[in-house]
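The values are calculated or read from the model by the stated rules, or taken from the named source; none is laboratory data. Since this is a predicted model, take the numbers as computed values, not measurements. Cβ placement follows ideal geometry from the backbone for every residue including glycine, while neighbour counts extend to all protein chains displayed.
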Amino acid sequence: MLVNGEMEIRQFFWDNRILNPINITLTEKQSFNGFKIDDIKSSKNFKHFKNVLNTKLFGNGYQRFGKQIDVVVIREGGSDKRHHLHCILEKPNRITSEEFCTLLRDIWRNTDFGYEEIHIEHPSSKDREDGWLGYILKRRSKENLFDSIDWDNVTIQR
């Protein structure tokens with residue numbers, strides 16, 4: 001059963017697809033320096049990741065002109081499952097997939113809650129893009145889709 005607004009949220013992401021997407025799952029450490037992971041710490045940790053990534057990609061154009069990649073971030077996990085993030089990130093055309101994936105891994109592993117397990121896929125077809133978007137928006141593993149989206153870190157520029 002869908003909660004109010006879930007169809008609209010799904011439609012929003014289908015209508016505002018990220019161009020040149022990279023599908024990624026970022027697994028999070030469950031604690032760091034005695035602090036247990038929660039949604040707020042997860043969001044702050046991802047924000048740091050995104051800031052470093054955009055700075056490496058766009059230099060001072062990120063801060064001065066707001067240049068940044070498009071990002072969708074969905075949180076999963078909780079008391080009985082390891083916290084992790086399912087994401088779609090826009091790969092800039094001027095960087096190779098291999099370079100971008102290396103950059104993503106290096107930056108994530110250097111965040112406080114970044115864990116070693118990272119899955120990255122450059123979708124080989126429209127079906128793979130559609131399949132990943134459908135997968136990360138699935139209802140089965142979420143109490144509420146709206147609250148599972150890290151809205152502070154979603155960036156869709158049109």
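A few remarks follow.
- Subset of the stretch 139-158 that is charged (D, E, K, R) and within 15 Å of the chain's Cα centre (by Cα) - its residue that is farthest from ILE22 (Cα to Cα): ASP147
- Residue satisfying condition, being over 23 Å from GLU6 (Cα atoms), among the aliphatic types (A, V, I, L, M) and part of a helix (DSSP H, G or I), within set ILE107, ILE95, ILE118: ILE107
- Filter result for GLY5 (in contact with a Leu (Cβ under 9 Å, 6 or more places away or on another chain), modelled with pLDDT under 95, at positive phi and not charged (D, E, K, R)): yes
- Residue selected from the stretch 122-142 under the condition more than 23 Å from LYS47 (Cβ to Cβ) and charged (D, E, K, R), by the criterion surrounded by the fewest Cβ atoms within 10 Å (Cβ to Cβ): ARG140
- Failed item in (1) at pLDDT below 95; (2) surrounded by fewer than 19 Cβ atoms within 10 Å (Cβ to Cβ); (3) under 14 Å from the mean Cα position of the chain (by Cα), with ARG10 passing the rest: (3)
- Checklist (1) closer than 30 Å to GLU8 by Cα; (2) at pLDDT below 95 applied to THR155, failing item: (2)
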